[in-house]
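The values are calculated or read from the model by the stated rules, or taken from the named source; none is laboratory data. Just so you know, these numbers come straight off a predicted model, no measurement behind them. Neighbour counts are summed over all protein chains in view; Cβ atoms, including those assigned to glycine, are modelled from backbone coordinates with ideal geometry.
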Amino acid sequence: MRSHVAHPYMANSVPALKQEMLESIGATSIEELFQQIPQDHRLKRPINLPPALTESQLRRHLVDTLAKNVTCEQNLNFLGAGCWQHHVPAACDEVVRRNEWLTSVFGEPSSDHGRNQAWFEFCSQLGELLNMDLVGMPVRSWGSAAGHAIRMAARLTERREVAVVRAIDPERLSVIRNYCEPTEMASHIAVRLVDYDPGTGLLDLEHLKATLGEQTAAVYFETPSYFGVIEQQGAEIARLAHAVGAQVIVGVDPISLGVLAAPVDYGADIVVGTTQPLGVHMNSGGGVSGFIASHDDARYAHQYPTLFISISETTQPGEYGFGLSLFEQSSYGLRDKGNDFTGHSVYMWAIANAVYMAMMGPQGFEEVGEVILQRAHFAAKRLGEIPGVRVTFPNGFFKEFVVNFEGTGHSVATLNKRLLAKGIFGGKDLSTDFPELGQSALYCVTEIHTQADIERLVAALNEVIAQ
């Protein structure tokens, strides 16, 4: 029988090197490295791993497992709640797959092949859409962007509280809390949730006033909100925040900006959001991109954890060069001493986003925004005509809206199960995360939904409610 031999390219598997590393850090054993983990949290038996499979067997196993999924290509989809089904032009996929990008993201400047220029175009176009001058390279998600922005505000104000609207994606709130760190840490930022008006879905201004104080680093709210409601009090929220010296951070869905005012127009200091609606397919478990933007002010620029791309004239008249800026303040340059850890960035999506925005142009964003508004409101009107069904916040919403099913006598879970049997993904069940809304679901309608799709949903709901 062949004896086990450590792989020569996996240094930590060689006993002599393990010992050398332990000695260099003053540890007597690997066990000693895990002393900080409580004993009752540590596994005391071998992990029950499945038997090893050959490559072909493993492939078959994975294909069989994945085949159990049902997709939005097989089913009519009205789910949103943080990851939305929008049209992705074929050009976005075609450009991103080109070798110039695949071989240079993330590559060295010597292997640029136009990468930096494409990234610059992403930042420039998104900046124009947001009406802001400074846009960093994207981070993993909207939640990551919001977390980074809150930490930026805390450093700028030297304060340790943030007021966050309660009508927020629970997953995004969880990410924000992670960025604000545990209470035991010196840099902990306390999250104070601000209620929403149960009649309108808008932020409760009186509760906001009671929450704000000299300890508030920032106010964070979103428009459209998690419920799809367009926040009409943005200027007043910004005024109240600025009155106590707090920063104003606004989360926004950029595809809404063809029909809605940019957050900077009603007082935002920092704007965050997702670029997933801009040419990025839905995916499960992968980053769907988040952005951070602000004024072109040195105070803000030096607090970003992300990379910047700059443009400069070259020695050749009429030619320009593109390169990284403020690299040294990021975790790429300073490692653990950077402003924040940048990791899990999604730079390939920035190129897809740049292609999408270039193809759309200002007129395209206006047109798609109007289509989404019209179709979402038509869907809400038709659903509201079903006996026992009510749209909770019927006025002033974009793309998503809350539908209450209390009057039907059925739970959202039951109705969604019945809809799935008819090839339809119903809305996101809100009954657990927002119990005060009762048996309600968050429905999403975008430019991909036709009138026939909406009528099919209405007919299916009439049938499953009657069962």
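What to note about this one:
Results for (1) of a type outside the set (Asp, Glu); (2) under 28 Å from Gly258 (Cα atoms); (3) crowded, with 22+ Cβ neighbours inside 10 Å, shown as yes or no for each residue.
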| residue | (1), (2), (3) |
| --- | --- |
| Val391 | yes, yes, no |
| Gly427 | yes, yes, yes |
| Val445 | yes, yes, yes |
| Ala452 | yes, yes, no |
| Glu455 | no, yes, no |
| Leu461 | yes, no, yes |
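- Flag for Ser174 being within 22 Å of the chain's Cα centre (by Cα), buried (at least 16 other Cβ atoms within 10 Å of the Cβ) and polar (S, T, N, Q): no
- In the set (1) crowded, with 22+ Cβ neighbours inside 10 Å; (2) within 29 Å of Ala376 (Cβ to Cβ), the condition left unmet by Gly199 is number (1).
- One residue from Ala190, Ala154, Ala118 being modelled with pLDDT under 95 and hydrophobic (A, V, I, L, M, F, W, C): Ala118
- Of all the listed residues (Ala154, Ala167), the sole one being aliphatic (A, V, I, L, M), outside any loop (DSSP other than H, G, I, E, B) and either surrounded by fewer than 18 Cβ atoms within 10 Å (Cβ to Cβ) or within 22 Å of the chain's Cα centre (by Cα) (or both) is Ala154.
- Search result, residues across region 366-403 that are part of a helix (DSSP H, G or I) and either small (Gly, Ala, Ser) or assigned by TED's automatic domain parsing to the domain that holds Asp169 (or both): Gly369, Ala376, Ala379, Ala380, Gly384
- Test: Glu222 is closer than 19 Å to Asp269 by Cα, buried (at least 24 other Cβ atoms within 10 Å of the Cβ) and not aliphatic (A, V, I, L, M): yes
- Scanning region 29-45 for residues that are out of contact with any helix residue (DSSP H, G or I) (no Cβ under 8 Å at 6 or more places or on another chain) and either over 19 Å from Gln19 (Cβ atoms) or modelled with pLDDT under 85 (or both) yields Gln36, Ile37, Pro38, Gln39, Asp40, His41, Leu43, Lys44, Arg45.
- Members of region 241-269 that are surrounded by fewer than 19 Cβ atoms within 10 Å (Cβ to Cβ) and over 27 Å from Gly361 (Cα atoms): His242, Ala243, Val244, Gly245
- Cβ separations smaller than 6 Å between residues 6+ apart or across chains give the following pairs from region 181-197 residues that are part of a loop (DSSP other than H, G, I, E, B) to residues that are surrounded by fewer than 16 Cβ atoms within 10 Å (Cβ to Cβ) and among the small types (Gly, Ala, Ser): Glu181/Ser187.
- Tally of residues being more than 23 Å from the chain's Cα centre (by Cα) and not hydroxyl-bearing (Ser, Thr, Tyr) across region 322-358: 12
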